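Let me begin by presenting the structure, written as structure tokens, before commenting on it.
The values are calculated or read from the model by the stated rules, or taken from the named source; none is laboratory data. From a predicted model like this one, the values you see are computed outputs, not experimental measurements. Ideal geometry is used to build each Cβ from the backbone, glycine not excepted, and the neighbour counts take in all protein chains shown. Surface accessibility is based on the protein's heavy atoms, side chains included, excluding ligands, DNA and RNA. Shrake-Rupley method; radii C 1.70, N 1.55, O 1.52, S 1.80 Å.
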Amino acid sequence: MSERVPGWLKARAPGLLLPLATTVLAFMIGGLVVAATGHNPFAAYRAIFNGTGITYIFPWTPADDKDFAALNLQQTLILTTPLILTALAVAFPYRCGMFNIGGQGQYIVGIVGAIWVGSRWPDMAKPEHLALALIAAALAGALWGAIAGALKAAVGAHEVISTIMLNWIAIYGSQWLFELGGPMQGPARDVPQSAEVHESARLPAIWGTLQPLHAGFYLALAALVVYYLVINRTTFGFGVRAVGLNAEAARYSGIPVARNYIAALAMGGAFAGLAGACDVLGWEFHIVTNDIAASQVGFIGIAVALLGRNAAVGIGLSALLFGGLQVGTSTRSLDPTVFPPELAGNLATIIQGLIILFVGAQLLLVYVWRARRRAPGGGPVAPAPVTWVEGSPP
């Protein structure tokens, strides 16, 4: 056992260290940007970290700061919830060899489905109404994802192109639904927004009072467990992974490749649809047409999945990082005397972009890792195969 543990760590070190290295490097470059503006990067990052509310869990945090930290942490977890789900919308099809860019559109149609159910039947009992709204959102997202899967299975249409096109159809279609005179516009006829979700269809609050953390957070954590179990412990997950590794070999082995394409994108769409339901049933309770085009949840989910290397634990941690960045750089949380919040928002975008860039350049980091594995005499040895962690590209 003592020999197996170092071997396990040695084999998985690249997969564990690469995301950490890319994150540290992105924050270092972000610190240089902060310094270029004439501010102290260490003070700025400390203020951003305090603004995330994570200090609430530290026992040495003063009691006077606990209440404000709790409010910030609630906001961080609220934003982390849809990021987990939209990242799963990318990770699941990725395991089948597809890159789902359509998480944003699937997220939006999930919102439409949740509002359509949640704003009707006010006399329905809460458990049934809430469950029906969640199911409607998941089915709407699954259908939107399955369209791209069916196009790939039927005519070989690349999922990147089809999901991008479906994003715009979802954005403009939902704006039409809720605009002035639209078929799903709310009762305020002079405001382009949807109707309010009834109390019976809202997710219950689990922590806080002002803008409490809702039970959708538990739903996102459960989705991580479901994702891990389905991918690694089911026959369906084995087929998905087999198609992702080699579609032709999987087809010759009797695995239905076309069916797995459709099912994987539908599953990813269901996760994204649930993300939309969590937002609209958990704290927004309606949607305004301007918010539809401004939303970036599905696109940030791509970065979360890439940084988390499509692994359940990695996605959870990277979603917390990105959610904390959004809250910590907000005007409400960041002390303007330390770093201007209007610049901090751009800093968060820079860090997110750098993380995506460095994850995309991970092959260079792998080469550096292999280059250090040289014989004591200085001569190169045959590079050992790198064993990736769960969900990483082969």
Candidates Tyr227, Tyr45, Tyr218; GNM for the chain (alpha-carbon contacts under 10 Å) flags as most fluctuating Tyr218
Zone reached by a paramagnetic label modelled 7 Å from Thr349 Cα along Cα→Cβ, restricted to the stretch 274-314 with backbone N below 13 Å, covers 294-296
With label points set 7 Å from each Cα along the Cα-to-Cβ direction at Leu357 and Val313, the distance between them in nm comes to 3.0
Note to self: C-alpha centroids of the stretch 305-330 and the stretch 180-214 sit apart, in Å, by 27
Once normalised by the length of the stretch 143-290, the mean sequence separation of its alpha carbon contacts under 8 Å that are 6 or more apart gives a contact order in percent of 35
Taking 0.36 nm per residue of separation between Leu245 and Phe99 and subtracting their Cα-Cα distance, the length gained on full extension comes to 51.2 nm
Expressed as a percent, the accessible surface of the stretch 238-325 that is carbon or sulfur, using a 1.4 Å probe and the full set of protein chains, is 65
Among Gly156, Gly353, Gly110, the residue with the largest mean-square fluctuation in a Gaussian network model of the chain built from Cα contacts under 10 Å is Gly156
Using a 1.4 Å probe on heavy atoms of the protein chains only, the accessible area for Asp190 in Å², nearest 10, reads 120
The distance between the Cα centres of the stretch 254-275 and the stretch 138-156, in whole Å, is 8
A chain fully extended from Arg332 to Phe238 at 0.36 nm per residue, minus the present Cα-Cα distance, gains in nm 29.3 nm
Rounded to the nearest 0.05, FRET efficiency between Tyr218 and Ile57 (Cβ-Cβ, R0 25 Å) equals 0.90
Once normalised by the length of the chain, the mean sequence separation of its alpha carbon contacts under 8 Å that are 6 or more apart gives a contact order in percent of 30
Hits in the stretch 124-160: amide N under 20 Å from the 7 Å Cα→Cβ extension of Ala258, namely 143-160
So, relative contact order of the stretch 169-245 in percent, Cα under 8 Å, 6 or more apart, is 12
For the chain, the per residue accessible area (1.4 Å probe, Å²) is 47
Of the accessible area of the stretch 21-105, computed with a 1.4 Å probe and all protein chains kept, carbon and sulfur make up a percent value of 70
With Cα springs under 10 Å, the Gaussian network model of the chain assigns the largest mean-square fluctuation among Ala215, Ala264, Ala319 to Ala215
